[in-house]
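Trainee: One structure, pasted below without further comment.
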Amino acid sequence: MPFVARATETGARVEASTANEVIASYRRQQELIDTDLEWVFAEHPAVTSVPASDSIDAVIRELDDYFENGVPLGVLAAAMSKQGWTVGDTLSEVYELRMSGSIWEPRADHIRPV
Amino acid sequence: MAVSPDITDENNALPAKYFTDPGVHELEKEKIFGQYWVYAGHANAITEAGAYFTRTIGDKQVIIVRDHDDEIRAFFNVCAHRGSKMVEETPMTNPGNMGRIRCPYHMWSYDLDGDLESTPKSFKEAGLNPELDDDDVCGLDASENGLNEVQTDRIGPFVFLNFADDPMPLAEQAGTLKTELEDMPLEEYEHAARYVSEVDCNWKTFAGNYSECDHCHANHQDWITDIELDESNLEVNDYHWILHYTHDEDVDDELRIHQEKEAKFYYFWPNFTVNMYGTADGYGTYIIDPIDEGRFQLIADYYFSDAEMTDAEQEFVQTSRQLQEEDFELVERQYEGLQSGALAQAQLGPNEHTVHKLHRLAQEAYEA
């Protein structure tokens, strides 16, 4: 599987064929256990190419060049993991950006900078 | 290969399409998880008034809360005003606490018994509506505008939900399981660990694997060394079955909750198990929750005398996890085969009568 993450509390592995499947798994687990997910690896050219940065806005803009219909949240989360961010860290920051109007969601779980 | 839709013959498994068809997954939400008593969580997680957690079963999300009369109640997580989801997902392992249930959309508030407690001024006055005087605004009756309650009942500390309008009593569905479990001091044990695993197979595939041990010699070699399978037996009842696994050597009484010198695994239809291990002063539970027709979540909880596990208990949990991982490998391989379409209907052996019971209950539910 090209996308693998791990529960921070229990170490349980999540293996997925798409990055957004990891996001879906994170959300399902949120109701069941108080844990976050950290990336083990993500095999995607955009994740590999985009430079590591603590600025999530900058990373979204870089990734936006790779996707016509929005950056999958999972790919963004995998890219931010280069800075040690968990899936929860990224989703929390994405929520803040969305609420501030600086990103939009052309389709579910895919975002673009405004 | 021919498929026999009649599975009263003990050799006939439920046809493979019932494991792989997305339509069956949708059907099961109504016919199984919408009709039978389904495990929600452990009462010890919410001991104070206002303590709550949420649980999603199929498409329905429920708030399970302890009210001011010390009763555990359940409500759809849906506001009676315009249907908004009210509280965020809250796991049993990290419960929330609230004085009242409030919807963040228009700030309707409900008592812990579900009655409407208050609405903002904008629902009592018609300031924005030139067609209506404030005096003509009809008030909202507290009980008639309350939350939609879901039936709950308990077996000891285990809280169950039922979404049917007129369900059979939990005591009837549980049968002797209820008295047997309630004879043990299950509520004296604390939640110590939860592991959630997502597995790539239908939930019934794993349920079937849990229910038999013909695969144990070849696949659980570490565990099986302490078990006398020849002296074990698998007991089938109306809606539950019990796997009695006899230990080859006597186990210290202090390492068991139950009387019998055996491991005792209870499967309670449709998707809950209680695992009395026989080698640990504690117990475990599994919830086998479908995600879709090809995936499920195994929610494994462990309870010991103290929430902080001893080294021996941690080692025990690791052994249990090893069994799970071994089983995940098996059921994913089985499901891969079933998905290929090469086998339209599996055959069951004489010691897979528990699996047959599982399949019969599924078929009865589909046809009800």
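Laboratory data are not the source of any read-out in this text; all were calculated from the coordinates shown. Everything numeric in this text was worked out from a predicted model, so none of it was measured. We place every Cβ from the backbone using ideal geometry, glycine too, and count neighbours over all the protein chains shown.
Trainee: Note the angle between two axes, namely the Cα long axis of helix B:311-339 and the longest principal axis of the Cα atoms of chain B, as a number of degrees from 0 to 90, rounded to the nearest 10.
Mentor: Tilt relative to chain B: about 90 degrees.
Trainee: Count the DSSP beta bridges whose two residues both fall in the protein assembly as shown, then state the antiparallel fraction as a percent rounded to the nearest 5.
Mentor: 100
Trainee: Over 20 Å between Cα atoms, which of B:LYS178/B:LYS204; B:LYS29/B:LYS60; B:LYS31/B:LYS204; B:LYS85/B:LYS124; B:LYS17/B:LYS204 qualify?
Mentor: Pairs exceeding 20 Å: B:LYS178/B:LYS204; B:LYS85/B:LYS124.
Trainee: Next question. Efficiency by 1/(1 + (r/R0)^6): what FRET value for B:LYS124 and B:ALA368, r their Cβ-Cβ distance, R0 = 56 Å, to the nearest 0.05?
Mentor: The computed FRET efficiency comes out at 0.75.
Trainee: Quantify how strongly other chains surround peptide B:192-199 by giving the mean number of their Cβ atoms within 10 Å of each of its Cβ atoms.
Mentor: On the way: counts 0, 3, 6, 8, 12, 6, 10, 0.
Whole-number average of other-chain Cβ neighbours for B:192-199 is 6.
Trainee: Name the long-range amide H neighbours of B:ALA192: under 5 Å, sequence gap of 5 or more, or other chain; modelled H, no Pro or chain starts.
Mentor: B:TYR302, B:TYR303, B:PHE304
Trainee: Using alpha carbons only, what's the Rg to Rh ratio of chain B with Rh from Kirkwood?
Mentor: Radius of gyration over Kirkwood radius for chain B works out to 1.03.
Trainee: Scan around A:GLU9 for amide H atoms under 5 Å from its own, H built in the peptide plane at 1.01 Å from N, and keep only partners 5 or more places away or cross-chain.
Mentor: The list, which skips near neighbours in sequence, is A:ASP36.
Trainee: List the cysteines of chain B that have no other Cys Cβ closer than 4.7 Å: which are they?
Mentor: Among the cysteines of chain B, those whose Cβ sits 4.7 Å or more from every other are B:CYS138, B:CYS201.
Trainee: OK, next. Quote the Stokes-Einstein diffusion coefficient, in whole µm² s⁻¹, for the protein assembly as shown, based on the Kirkwood radius over alpha carbon pairs, a temperature of 20 °C and a viscosity of 1.002 mPa s.
Mentor: Rounded, D is 87 µm²/s.
Trainee: Related question: Take peptide A:1-9, look around each residue's Cβ out to 10 angstrom, count Cβ atoms belonging to other protein chains, and average those counts.
Mentor: Whole-number average of other-chain Cβ neighbours for A:1-9 is 1.
Trainee: With θ taken as phi - 60° and the coefficients 6.51, -1.76 and 1.60, list the Karplus ³J(HN,Hα) couplings across region B:231-246 in order, rounded to whole Hz; mark glycine and proline as x.
Mentor: 9, 8, 7, 10, 9, 10, 10, 4, 10, 8, 9, 10, 9, 9, 10, 7
Trainee: Still on this structure, I have one more. So how tilted is helix B:22-31 from the main axis of chain B? Cα-based, degrees 0 to 90, rounded to 10.
Mentor: 70
Trainee: Need the full-extension length gain, B:GLU10 to B:ARG360, defined as separation in residues times 0.36 nm minus the C-alpha distance. One decimal, nm.
Mentor: 125.1 nm
Trainee: What translational diffusion coefficient, to the nearest whole µm²/s, does region B:1-74 have by Stokes-Einstein, given a Kirkwood radius computed over alpha-carbon pairs, a temperature of 20 °C and 1.002 mPa s viscosity?
Mentor: Values: Rh = 15.4 Å.
Reported coefficient: 139 µm²/s.
Trainee: Across region B:136-144, in residue order, what do the Karplus-derived ³J(HN,Hα) couplings come to in whole Hz, using 6.51 cos²θ - 1.76 cosθ + 1.60 with θ = phi - 60° and x for Gly and Pro?
Mentor: Rounded to whole hertz, the list is 8, 6, 7, x, 9, 6, 4, 7, 6.
Trainee: Now for a different question. What is the distance in Å between the Cα centroid of region B:163-241 and that of region B:1-71?
Mentor: Region B:163-241 and region B:1-71 have Cα centres separated by 15 Å.
Trainee: Going by amide H atoms built from the backbone, whose H comes under 5 Å of the H on A:TRP104, apart from near neighbours?
Mentor: A:ARG112, A:VAL114
Trainee: Placing +1 at every Lys and Arg Cβ and -1 at every Asp and Glu Cβ, with all other atoms neutral, what dipole size does the protein assembly as shown have around its Cα centre, in debye to the nearest 20? Display every interim value, and only then the final one.
Mentor: Details: 34 positive and 95 negative charges, 352 e Å.
In debye, rounded to 20, the protein assembly as shown gives about 1700.
Trainee: With runs of 4+ DSSP H residues as the only contributors, calculate the mean residue ellipticity of chain B at 222 nm using -39,500 (n - 2.57) per run, divided by the residue total and rounded to the nearest 500. Before the final figure, lay out each step's value.
Mentor: Details: 9 runs with 87 residues, N = 368.
Value at 222 nm, helices only, nearest 500: -7000 deg cm²/dmol.
Trainee: Connecting C-alpha atoms closer than 10 Å in a GNM of chain B, tell me which of B:ALA218, B:ALA346, B:ALA171 has the biggest fluctuation.
Mentor: Looking only at B:ALA218, B:ALA346, B:ALA171, the largest GNM fluctuation is found for B:ALA218.
Trainee: Among B:ILE227, B:ILE242, B:ILE288, which one shows the biggest mean-square fluctuation in a GNM of chain B, springs joining Cα atoms closer than 10 Å?
Mentor: B:ILE227
Trainee: Follow-up question, since we're still on this one. Tell me, what HN-Hα J-couplings in whole Hz come from the Karplus equation 6.51 cos²θ - 1.76 cosθ + 1.60 at θ = phi - 60° for each residue of region B:192-201, using x for Gly and Pro?
Mentor: After applying 6.51 cos²θ - 1.76 cosθ + 1.60, I find 10, 7, 9, 10, 10, 10, 9, 10, 8, 6 Hz.
Trainee: Here's another thing I want to ask about it. Per residue, what volume in Å³ does the convex hull of the Cα atoms of chain A enclose?
Mentor: Details: hull volume 10.6 nm³, N = 114.
Cα-based convex hull of chain A, divided per residue, equals 93 Å³.
Trainee: Still on this structure, I have one more. Say we join alpha carbon atoms closer than 10 Å with springs in a Gaussian network model of chain B; which of B:LEU140, B:LEU330, B:LEU177 then has the biggest fluctuation?
Mentor: Looking only at B:LEU140, B:LEU330, B:LEU177, the largest GNM fluctuation is found for B:LEU140.
Trainee: Quick one: Cα centre-to-centre distance for region B:86-116 and region A:73-114, in angstrom?
Mentor: 28
Trainee: So how tilted is helix B:353-367 from the main axis of chain B? Cα-based, degrees 0 to 90, rounded to 10.
Mentor: It works out to around 30 degrees.
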